[in-house]
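No lab work stands behind these numbers, since they all come straight from the coordinates. Remember, predicted model here, so these are calculated numbers, not experimental data. Ideal geometry is used to build each Cβ from the backbone, glycine not excepted, and the neighbour counts take in all protein chains shown.
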Amino acid sequence: MRPAARLLAAAILVGGTAGPAVARAPDRILSLDQCADQYVLALAPEATLFLSPRADDPDSWMAREAWVHRRVRPTLEAATGVRPEVVVRYWGGEPRLRAALAARGATVVTIADASDLAGIRGNIAAVAGALGRPEAGARLIARMDGRLAEAAAVRPVGPPRTALYLTAGGFTAGAGTLIDAILTAGGYRNAAGIAGFGPVSVERIALEPPLRFVLGFFDQARADWRGAGRHPVVRAASRGRVVADLPAASLTCPAWFAADAALAVARGTPEPGR
């Protein structure tokens with residue numbers, strides 16, 4: 001028997017019938033910021049994950065799941081030292097660091113700044129594909145769509161009522177933002193009256209108090225503690241008119257848990273303790 005034939009016969013005996021090789025999903029995954037942490041924790045929890053220093057902060061949606069994984073500062077020495085196969089980022093990682101990681105063979109994928117729910121679905125599919133885990137991405141999208149279906153089933157009946165989104169710092173979000181999409185999915189029409197993000201004055205709320213409020217970031221007791229959203233006049237105007245008090249963890253990243261925020265708006269939540 002010729003040498004080549006002997007090698008083929010040995011391969012068949014050891015591995016069975018010959019067939020196409022199955023691509024291995026990347027195992028060493030580096031996240032460069034807190035938003036990216038959420039994606040890699042949800043899509044590849046079994047992989048060797050290197051997370052950002054903020055992975056277990058209180059405003060991290062998956063803070064508890066982050067505890068068992070190593071944190072890495074987004075510096076050139078630390079990031080390249082872990083030899084990642086895939087790097088995921090939203091805003092983190094300066095250009096030289098990203099270029100150095102790519103030069104060492106890592107795939108760098110950037111989460112887009114989605115302003116609607118379709119954009120989030122695209123983010124999930126893109127990151128899941130880069131991680132070699134499209135099935136996990138499909139499951140996460142299905143989870144998100146399930147939450148949105150729940151919101152549609154429980155939101156107020158009839159024409160959409162208006163609500164003003166307000167942060168502790170005194171800012172709101174109007175048309176063309178993910179907050180606007182969350183309010184719409186929760187059954188409310190945005191009362192911001194602007195496009196994008198902007199401040200809301202205490203005077204405006206005092207003179208023309210909105211009929212309903214959706215609050216955001218008020219659970220961060222030490223953040224914006226002197227912000228316009230915490231002003232006594234605003235507190236008095238919003239008393240009894242709060243539709244939902246959304247935690248910071250549901251708002252810090254354009255991700256699938258925007259649907260959880262929409263469900264909270266649709267259901268309504270108890271008056272916040274402010």
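Table for the structure above
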quantity: For E85, E77, order by how many other beta-carbon atoms lie within 10 Å, fewest first; calculated: E77, E85
quantity: Highest-first arrangement of 260-266, 35-41, where packing means the average Cβ count within 10 Å; calculated: 35-41, 260-266
quantity: The range 28-111 - charge dipole about Cα centre, Lys and Arg +1 at Cβ, Asp and Glu -1, debye rounded to 20; calculated: 320
quantity: Rounded to the nearest 20 debye, dipole of the range 140-274 from Cβ charges on Lys, Arg, Asp, Glu; calculated: 280
quantity: Globularity ratio of the range 28-111, using Cα Rg and 2.2 N^0.38 Å; calculated: 0.96
quantity: Neighbourhood net charge (12 Å Cβ-Cβ; Lys/Arg +1, Asp/Glu -1) for V154; calculated: +2
quantity: Peptides 202-211, 166-175 ordered by average Cβ neighbours within 10 Å, highest first; calculated: 166-175, 202-211
quantity: Rotationally averaged projected area of the range 81-191 (alpha carbon convex hull; nm²); calculated: 9.3
quantity: Taking only Cα atoms of the chain, radius of gyration then Dmax in Å; calculated: 23.3, 95
quantity: About the Cα centre, charge dipole magnitude for the chain (Lys/Arg +1, Asp/Glu -1 at Cβ), debye; calculated: 320
quantity: Cα-based Rg of the range 157-267 normalised by 2.2 N^0.38 Å, two decimals; calculated: 0.97
quantity: Cα-based helix-to-principal-axis angle, 3-15 vs the chain, degrees rounded to 10; calculated: 40
quantity: Using alpha-carbon coordinates, inclination of helix 134-154 to the longest axis of the chain, degrees; calculated: 20
quantity: Neighbourhood net charge (12 Å Cβ-Cβ; Lys/Arg +1, Asp/Glu -1) for T110; calculated: 0
quantity: The range 157-267 - share of DSSP beta bridges that are antiparallel (%, nearest 5); calculated: 20
quantity: In degrees, nearest ten, helix 258-267 long axis to first principal axis of the chain (Cα); calculated: 40
quantity: For the range 37-78 and the range 212-266, distance of Cα centres in Å; calculated: 25
quantity: Positive minus negative residues near V72 (Lys, Arg vs Asp, Glu; Cβ under 13 Å); calculated: +4
quantity: The range 145-187: Cα Rg divided by the 2.2 N^0.38 Å rule of thumb; calculated: 1.27
quantity: Selection from P247, I205, G187, by position along the positive dipole direction of the range 157-267 (Cβ); calculated: I205
quantity: DSSP bridge orientation in the range 49-202 - percent antiparallel, rounded to nearest 5; calculated: 25
quantity: Beta bridge orientation in the chain: antiparallel %, DSSP, nearest 5; calculated: 10
